[in-house]
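The values are calculated or read from the model by the stated rules, or taken from the named source; none is laboratory data. What you are looking at is a predicted structure, and each value in this text was computed from that prediction instead of being measured. Note that we place each Cβ from the backbone using ideal geometry, even for glycine, and neighbour counts take in every protein chain shown. Protein only, heavy atoms only, side chains kept; ligands, DNA and RNA dropped before computing areas. Shrake-Rupley method; radii C 1.70, N 1.55, O 1.52, S 1.80 Å.
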Amino acid sequence: MNDVVTIVEAPQSRQVAMDVGAAGARLLGCRSRTVTVGVRGSDAVVEVARATLADPHVDALVLAGTPEGAPSWRIITEATKPVFVVPTGSRSPSGGFRRVLLPLDGGPAATAAAAAVVRRMAPDTVILATHVFSEGTVPAFWDQAAHAGVAWGKEFVARNLPAAADLRLCRGDPAAEVVAQADECGADLLVLGWAQQLTGSRAKVVRRALAGRVPVLLVGAVAGEQPGRS
Amino acid sequence: MRADRTYGAVVLAWAGAVGAVAGSDDLLARVRSLSARGVHVGILGRGAARQLGTMPGPGQVWCVDDTLPVARPELFRRFHDLGVGPDLVLVLEGPDSPLEMLDDQLRRSGRLRVPDIDRDPRWVVQRQGQAANRRRVDEALFTLCSGYVGTRGAVEEQVPGREAMVLAAGVYAGDRPEDGLVVGPSWTDVSSLSPVEQDVRWLDLRSGVLVREQVAAGTRPFRSARFASLALPGSAAMRVEAPADQVRSVAGEGGEVWRWCEGAAGGGVGVMIRDCTSTDDDLHTHERLAAFVGEPSSVPRRADAEEHLGAAARQGFDRLLSAQRREWAERWATAGVSVPDDPELELGLRFLLFHLWSLSDGHGELAVGARGLSGSGYAGHVFWDADVFVLPAMMTIAPAAAAAMVRYRLSRLPAARAHAEAHGCHGARFPWESALTGDDVTPRHGQLGGEEVPIFTGLREEHVTADVAWAVVRQARWAGRDLSAQERRLLAATADYWVSRIPVGADRRAHLRGVIGPDEYHEDVDDNAFTNVMVRWNLRAAAAEVPRAGQARRRRWLDLADAIVDGYDEETGRYEQFQGYFALEPLTVGDLGPPPLAADVLIGRRRVARSQLIKQADVLMLHMMVPGEVAPGSLQANLDHYLPRTAHGSSLSPAVNALVLARGGHPDQARALLRTALRIDLDDLAATTAGGLHLGAMGGAWQAFLFGFVGVEVVDAVLCIDPHLPASWREVEVAFRCLSSDVRVRVGEGVVTVSSRCPIRARRGTAPVVEIPGGHRPRRLERSRG
């Protein structure tokens, strides 16, 4: 059994981050342990995080604190393993991660990356999938509303959903919609597959999510992949 | 020349080959055996063919004098005419080991080895390395049809997400909106076959053979080939070869398995298969013949399947394959296309022709659902797509099938009359969605992106009634024949419907209120220009074609035709799409993003309805369908206005706009849209091809090419040609059916040449009509001197 390692630096975020680490470990079938960085400064956190990620017995990392420029921002763009990020105002998942929101934009690599993590989740986890129709993801055609939804939805589910999940479709700004839905559906965790780049539509979702109140599990995918526009 | 292949023809090419064959019992016996298996043999050398005696066939055997400089090309031309491309010809240049090579081919046949195809990139659709969850797209692309039955191109082994199915045209599970086609039992499953990874699949459009091959290194490859027989409609054949431990027969050696599925409507689809197996070295080989029975309203009978299967078995796989190649070659000779400067587009056109043709069962009636027989999408329902998009294409390649499509509508005329009555009208009103009985099966609820929406098309998209009438007349005029009595009844009944549906006011103006036009972004409009002009056309056509309707009745039709408003503004040359359209927010598609895009999904139903954005051609559909009913010279003004507002959110849209752009003298702009139309399924642009091919878009694309770019039309039984080719196309050649003849047109470097099997009349643009002699003697059409 591998570890989910929580790296804590700031005392004020310590308990929530450790709770996230414990919940993340249960979710992924891992042990939880915590590493406290004794030396203040972002470089120290980055060094510890890099060393931890290099450990083959570590499956995922937990980082607290999300202001841009914080150590977590450097790590999330280079991590080769999933990273739980605990936003500053995040609630403590004391009851574990039972409801997981999985936004899917149809990009195959990001979907596959997120799916790989979702498949590891405990079987009693409720997976709530969502897709936001936006400029980047709007289908080319929607022939007959009487039938197109069935045809499109069936194929989207078959291609993108890694497990039995409810799929909710909406339209608008993906960043705003995803964060709003995370609140609305009472998700304790948001799983985002992304290309680990801080520009582009997926990065907007990540930035918005990291400023939210729900812990985020970031899963790196192929760099440069765009959301799937049908 | 690869030794490890099964060829379709053999050339013995050395001096004295004829004499050698005639003089050697061993060699002659092998030539006879090859002929018996459907392999064609060409013998180059001096000597008379009669030395060889009668061959058992169906493989042809020719002796060609090799002193003639064209001897070898002549042989290859003959093979080509029989559907055997150059890559499928085994050429034995010397007498060193002809017996061994011929024996190898005979052994491969006897051991049930998988045959090859000619992998000519201009004729082959290839798919490689598809992710497992996208294989359903390939299943639709690789659908093979025989007669009225289609088999999706699912792989042979059981893999997650696979949707193997057999569908029969017109065999519905029921007549409720949610009932689709009956899904018949799959016949291509091979048990105990572990997943085949790293495979490549080729659909040979020239022969209708689907081949699959494993390309993983270090293993004996898995290979398969299958086809739906043209020679014996309702039957199919498949061979599979794989390492011996990988395959087990389903039916057992020589055994037969009969399975069927029934729908609530009483009809069903049945499949009977017969397997046989063999081995070759360490390969297990497996051959399966299948026969289908589909019955719309009764249980499929095993005896029928047995009869079909028996006929297939008497032929055997090799002979069926030989006939398959020959029949497809004959098809391509009567309807085909060549665009040498645009091979990708050319392949797209051949791909659509292949699938349209695959549906072309000319017996009885033909219900062409929106996705044909390639998937369960759209519940197999018949929309206006069939009448306006597929049928006009079908009539140019398979007139008998177009006539069968018309019969589908004719036999549902009583249901259309009942539908009109249910709406308080007389005459006949055809439903927006039709299936088994012709009752309206349009769902009442649907989904627009993430939004649940009520569906009004069944209530308001009434133009389908005029579309059906238009299709009936269109295919008759294209064939150069008069309407039948039944067709005239349909035309009159639809005209009666409009008379009862549309009141004429005291001001002698008639308004059609509360409809949906082809642009479905605006769902409750008055005086939709498309609908009103199509109604006018319907009324006038009825008056012209049904003289026995009586003077009073015809007078009512013509009065309404004269009274109905059409939204045309002489000053601007534009038609207003419906009352109030020009006052809507002048959004263009460029404000949202690059088309095609589903604007209603992106910005919502209400927002799009408040704007001038349109889903697809609406006014411009008139310029495609009834150019004689619109104001002369109005095309450009309406292109200028509507094209920037067209989101192409319907898969039907790119083709229509390509057609009118080409007709309007913008072939380069049109080419880009035609390309989009042709890639809808090949590139899965809609992300829904897994549910079936977009047949309407295919039919539209063929119309865009033939009626738009080549500029072909039939007017008063005269073939008119007014080509508009993109700058990058130096020449095109097209063969099609028209005026009850086979016609070929070549356009290149400003020259138009026509030939025809039967005498016809033709003209170029407005030039005088000229007589085209029969016998495919080419005649150049001159431009008008004016």
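Annotations
For (1) modelled with pLDDT of 95 or more; (2) of a type in the set (Phe, Trp, Tyr); (3) within 15 Å of residue B:146 (Cβ to Cβ); (4) assigned to a helix (DSSP H, G or I), each residue gets a yes or a no:
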| site | (1), (2), (3), (4) |
| --- | --- |
| B:265 | no, no, no, no |
| B:269 | yes, no, yes, no |
| B:272 | yes, no, yes, no |
| B:277 | no, no, no, no |
| B:285 | no, no, no, no |
| B:291 | yes, no, yes, no |
| B:310 | yes, no, no, yes |
| B:325 | yes, no, yes, yes |
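- Criterion (part of a loop (DSSP other than H, G, I, E, B) and not assigned by TED's automatic domain parsing to the domain that holds residue A:189) met by exactly one of A:135, A:78: A:78
- Residue B:767 meets each of the listed conditions (1) open to solvent by 20 Å² or more (accessible area, probe 1.4 Å); (2) in a loop (DSSP other than H, G, I, E, B); (3) more than 30 Å from residue B:137 (Cβ to Cβ) apart from (1).
- Test: residue in the range B:388-410 that is in contact (Cβ under 8 Å) with a residue 24 or more places away in the chain and within 13 Å of chain A (Cβ to nearest Cβ): yes
- Residue B:416 being of a type in the set (A, V, I, L, M), away from chain A (no Cβ under 14 Å) and more than 30 Å from residue B:362 (Cβ to Cβ): no
- Hits in the range A:151-167 (condition: more than 7 Å from chain B (Cβ to nearest Cβ) and aliphatic (A, V, I, L, M)): A:157, A:161, A:163, A:164, A:165, A:167
- For the range B:126-139, the criterion of being more than 14 Å from every other protein chain (Cβ to nearest Cβ), at pLDDT 90 or above, in a strand (DSSP E or B) and open to solvent by 10 Å² or more (accessible area, probe 1.4 Å) is met by at least one residue.
- The listed residues are B:597, B:602, B:620, B:584, and the only one of them that is surrounded by fewer than 19 Cβ atoms within 10 Å (Cβ to Cβ) and under 28 Å from residue A:147 (Cβ atoms) turns out to be B:584.
- Within the range B:152-162, the set of residues being open to solvent by less than 10 Å² (accessible area, probe 1.4 Å) and either within 25 Å of residue B:401 (Cβ to Cβ) or among the aliphatic types (A, V, I, L, M) (or both) comprises B:152, B:153, B:154, B:155.
- Top-ranked residue of the range A:113-140 - restricted to ones that are at the interface with chain B (Cβ under 9 Å from one of its Cβ atoms) and either under 22 Å from residue A:60 (Cβ atoms) or of a type in the set (A, V, I, L, M) (or both), ranked as surrounded by the most Cβ atoms within 10 Å (Cβ to Cβ): A:132
- Residue B:211 passes every criterion in (1) touching a residue at least 60 places away in the same chain (Cβ under 8 Å); (2) over 29 Å from residue B:443 (Cα atoms); (3) in a loop (DSSP other than H, G, I, E, B); (4) under 23 Å from the mean Cα position of the chain (by Cα) apart from (3).
- For residue A:100: the one exception among (1) away from chain B (no Cβ under 14 Å); (2) assigned to a strand (DSSP E or B); (3) in contact with a helix residue (DSSP H, G or I) (Cβ under 7 Å, 6 or more places away or on another chain): (3)
- Filtered residue count, the range B:678-711, keeping only those that are in a helix (DSSP H, G or I) and touching a Gly at 6+ places or on another chain (Cβ under 6 Å): 3
- Lone unmet requirement of (1) at pLDDT 95 or above; (2) touching a helix residue (DSSP H, G or I) at 6+ places or on another chain (Cβ under 8 Å); (3) open to solvent by less than 20 Å² (accessible area, probe 1.4 Å) for residue B:380: (2)
- For residue B:554, the conditions (1) in a helix (DSSP H, G or I); (2) within 14 Å of chain A (Cβ to nearest Cβ); (3) without any contact (Cβ under 8 Å) to a residue 24 or more places away in the chain are fulfilled apart from (2).
- Which numbered condition residue B:663 fails, given (1) closer than 26 Å to residue A:137 by Cα; (2) more than 14 Å from chain A (Cβ to nearest Cβ); (3) in contact (Cβ under 8 Å) with a residue 40 or more places away in the chain; (4) open to solvent by 10 Å² or more (accessible area, probe 1.4 Å): (1)
- Qualifying residues in the range B:666-681 (those that are more than 13 Å from every other protein chain (Cβ to nearest Cβ) and among the small types (Gly, Ala, Ser)) - the one most open to solvent (accessible area, probe 1.4 Å): B:672
- Among the residues of the range B:682-700, just one is more than 11 Å from chain A (Cβ to nearest Cβ) and over 13 Å from the mean Cα position of the chain (by Cα), namely B:682.
A quick yes/no check of all residues on (1) without any contact (Cβ under 8 Å) to a residue 24 or more places away in the chain; (2) part of a strand (DSSP E or B); (3) surrounded by fewer than 23 Cβ atoms within 10 Å (Cβ to Cβ); (4) in contact with a Gly (Cβ under 8 Å, 6 or more places away or on another chain):
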| residue | (1), (2), (3), (4) |
| --- | --- |
| B:178 | no, no, yes, no |
| B:193 | no, no, yes, no |
| B:206 | no, no, no, yes |
| B:216 | yes, no, yes, no |
| B:224 | no, yes, no, no |
| B:233 | no, no, yes, yes |
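- For the range B:417-472, a tally of residues being in a loop (DSSP other than H, G, I, E, B) and acidic (Asp, Glu) returns 5.
- Listed conditions (1) open to solvent by 30 Å² or more (accessible area, probe 1.4 Å); (2) at the interface with another protein chain (Cβ under 7 Å from one of its Cβ atoms); (3) of a type outside the set (S, T, N, Q); (4) in a helix (DSSP H, G or I) are all met by residue A:146, apart from (1).
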